[in-house]
Structures are given as C-alpha cells and as structure tokens.
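Have a look at the structure below before the remarks.
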Amino acid sequence: MTAIEAWLSAAATSLRVSPLRTLLSTLGVVIGVAALVAILTLSNGLENYARQQISGTTDIQTVRVTPRAFEVTNGLTVRRENVPALNAADAQELERRLGGLGDVTVGMSAGARLALVGGTTRSPAMLIATLPSATVFIDDVVSDGRFIQESDLAEDGRVAVVSENLAQRLGAAIDDRVMIDSLEFEVVGLAAPRDEETGSGVPGDDTRPGRVYIPFSATQARRLNASGRQPAGLAARSRNVEHTERMQDLMEAWLIERWGSLDRFDIASYRARAAQARTGFLVLRLVMGSIAGISLIVGGIGIMNILLASVSERTREIGVRKALGARPRDILLQFLSESVAITGLGSVIGVLLGVGAAFGVAAAVRSLSDAPVYAGFGWASVVIAAGAAILVGLVFGTYPARRAARLSPIEAIRHE
C-alpha cells in the first residue's frame, strides 16, 4: 500500500467511525455547493435571457456604415463626387477582417411599386437589395419558401422574397412572378415579422409597409445607384455584446485602410450603450458569484470547526500514532485527506441539489411571469463549484491539520 492509499484509508476509516460528525461537516459543503451551482446556473439563464432581449429588440450590437452621398455647400444640399460604392466583395472582406466577431452584410433600400404579372393591383413597398447574410439583421423571417441564396447573386437571379402582408394585397404566392418597377421577378419566399421571443415568423396582419428582398447583385446595384438613391451601406452585427466596441474599431481601421479616411462615411452605432450592457453583465456575474462564494465560505468555516473538534476528541489517538512512528507529515495529510473527502462528497450531492433547484426556480419564474427564462446549465459552473469546494476544504482544513501534526506525542497520550 502506498503512502497516499494509507492516508486515504485512514481518513475513510475516521469518517466512518464518526458518521454524525461527517454528516454535519458534509452538510455545510452541500449547502454551499448547492447554492453556488444554483446561483451560477440561474445567473447564466438570466444572462442568456437578457442577451436575447438585447439582440432581438435593439440594435446595440449593430454598426452601420453609409457613404456620405450629399453635402451642404453655401446652404445648398448637393450630391458629392466620388461617393464610395460598397459591394458584396467589401462585405466579405470586412467579415474576414473581423475574424468571427460578427456578421456583415451590404444592402440598399428604396421605394418601389409592385404588381403581380397579369394582375391589376399595384402596391407601394420598401425594396431592399441585400445578401443572404441579411437574415441576421432584418426584422422578418421566411415563413414559406426560401431566402436569397449565394447562387442568386452569382447568376444575377431575378428572385424576390415578399412580406406576407404585401403578398396578400397582390394575391401573390410562391412561384408567381411580380413586376418591381419595370423588371420581372420570381417570388421564391414569403416573410413574416420575427417573433422576438422565439425567433419564428408571426402569422397575421402586419401594419408595417410591405417589404421585398432581392439579391444585391452587381446589376441591381448599378441600377439602383443610377436612379440617384442612397448608396449601398454596410452593416455588421457582433455575436456578443462585449465584442461590439472591438468590432467597430476594426471596421473603422478597415475603412481607413480601404478608403483613406472616415470622412467619406457616416458611422451609426450604440457604442456607449454596448459598453453599459457589457458592464451590466460583468456586475451581474460578480454579484451573483460573490453571493454564492459567501455560502461556500460559511460551509468551509463549518468544516474547520468540525475538524478542530475532531482534533480535540482524537488527541490521544494522535499521540499513540506518533508514538508508533507516524510523522507530523502523516498526521497533516490524514486530516487534509478527511477535509478533501468531506468536500468531495459534499460537492457531488450539492451539484445535484443545485442543478435541481435552479431548474425548479426557472420553471416557477416562467409560470408566474410568462418570461422565457431557463436555467443556463453548463459544465463550467459544475467544475467551478466542485473546484471551489475542494479548495475551501484544503484552506479551512489546513489549520486543524497543522495543529494536530504539531501535538507532542507524550502530551497527546496523557490528554484526557
């Protein structure tokens, strides 16, 4: 038997001999770990819910870049010369430059009139020429058919995705053909307003103006630019609110590198609000973690008290072991082994109770508030809780273990 096995065996024997003391020691750790796991899991769920609300209802994570097409000279608004013409290649290059921080699209919008081929009804609509990546940015989701594809861009496809309210007014359906101004397009998809909670399309009447999405192909870009409308702009959306400021810095650096300066562009963002959101999430983690840490420290103090009492009860036993040749190091490691064993057992039970409590509280919140809040279980929380518990066991078990190791054999044997 190795020394480590001997220490563990002695610790296990001691814990079995005093089951009540072991239970009381373990109970403190169980409560502490359960509280830590439950709080971390619930805070993850609340953070996920907050992120979904921020992403789904605000543009905090979006940065938009639009070329300055007009300037005021002597009180007159005139069109600028050499307005930058942004295209799909620029969007792809910028997305590569961001390195996974966010999604990028390019697009331009204008008013247009639609009519079903062969029909008599003409309806005004918002015409949006964009890329397949625009699904991250738009307020609609495809409810039938498909959205724009890469092949539509390469082949200059005359396809269109029409909002459901506009399709109802025109009597259009999938595979029908519509006239947009003077050009004919095939309807390949229908779009409905996005449900902010589920992300799915919401059927029914939509009071917003009708919308039509067409491919941002080279031909369409030239046609829309030639009409004197607002030039194409870029939009980037960070995948994490904490990365929004960094993403904007990279975008501005790319614009300077690509076009020489930022003076030719208008940049719209919510940089200050993104910073506030990032700070808010950090504060949430720190506060929730601190509350959970206090519970774990309380459990550690309980372990120390129990082990100190154990040292007093087992003083004679320690003296006998030392008289038989046990070194101070052996006594120290035995008591530390007991502390780690207690925290290890308490961690397992506490993790199970904490996860169950977190899911139960989340279910209660959903039933009482109708808010889609779910427990954000992650193995990281389990590892943090278990590791913290073992660390607490080592820290709070060191003093009683050192005290036991320093006892004099003669005085310990004579102890009553």
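The values are calculated or read from the model by the stated rules, or taken from the named source; none is laboratory data. Model, not experiment: these values are computed from the prediction. As a convention, Cβ positions derive from the backbone with ideal geometry for all residues, glycine included, and neighbour counts pool all protein chains shown. Please note that ligands, DNA and RNA were not included when accessible areas were found on the heavy atoms of the full protein model with its side chains. Shrake-Rupley method; radii C 1.70, N 1.55, O 1.52, S 1.80 Å.
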Quick check: at a probe of 1.4 Å, how many percent of the accessible area of region 316-365 sits on carbon and sulfur atoms?
75
To one decimal place, what orientation-averaged projected area in nm² is obtained for the convex hull of the Cα set of region 27-98?
9.6
Which of the three applies to region 37-189, rounded, prolate or oblate, going by the alpha-carbon gyration tensor with a ≥ b ≥ c and a/c under 1.5 meaning rounded?
oblate
Scan around Asp144 for amide H atoms under 5 Å from its own, H built in the peptide plane at 1.01 Å from N, and keep only partners 5 or more places away or cross-chain.
Leu190
Is the shape of region 239-278 best called rounded, prolate or oblate, per the rule: a/c under 1.5 gives rounded, else a/b larger than b/c gives prolate, else oblate, with a ≥ b ≥ c the square roots of the Cα gyration tensor eigenvalues?
prolate
Could you order the peptides 30-36, 164-170, 271-277 from most to least packed, using the average number of other C-beta atoms within 10 Å per residue?
30-36, 164-170, 271-277
Please list, in chain and number order, the residues 5+ apart from Arg239 or on another chain whose amide H is under 5 Å from its amide H, with Hs placed from the backbone.
Gly102, Asp103
Under 5 Å from the placed amide H of Asp176, counting only residues 5+ away or on other chains, we find Val187
Checking the a/c ratio against 1.5 first, then a/b against b/c, what shape does the Cα gyration tensor give for region 260-390?
prolate
Could you point to the residue in Thr130, Leu114, Val142 farthest towards the positive end of region 90-142's charge dipole, with +1 and -1 charges on the Cβ of Lys/Arg and Asp/Glu respectively?
Leu114
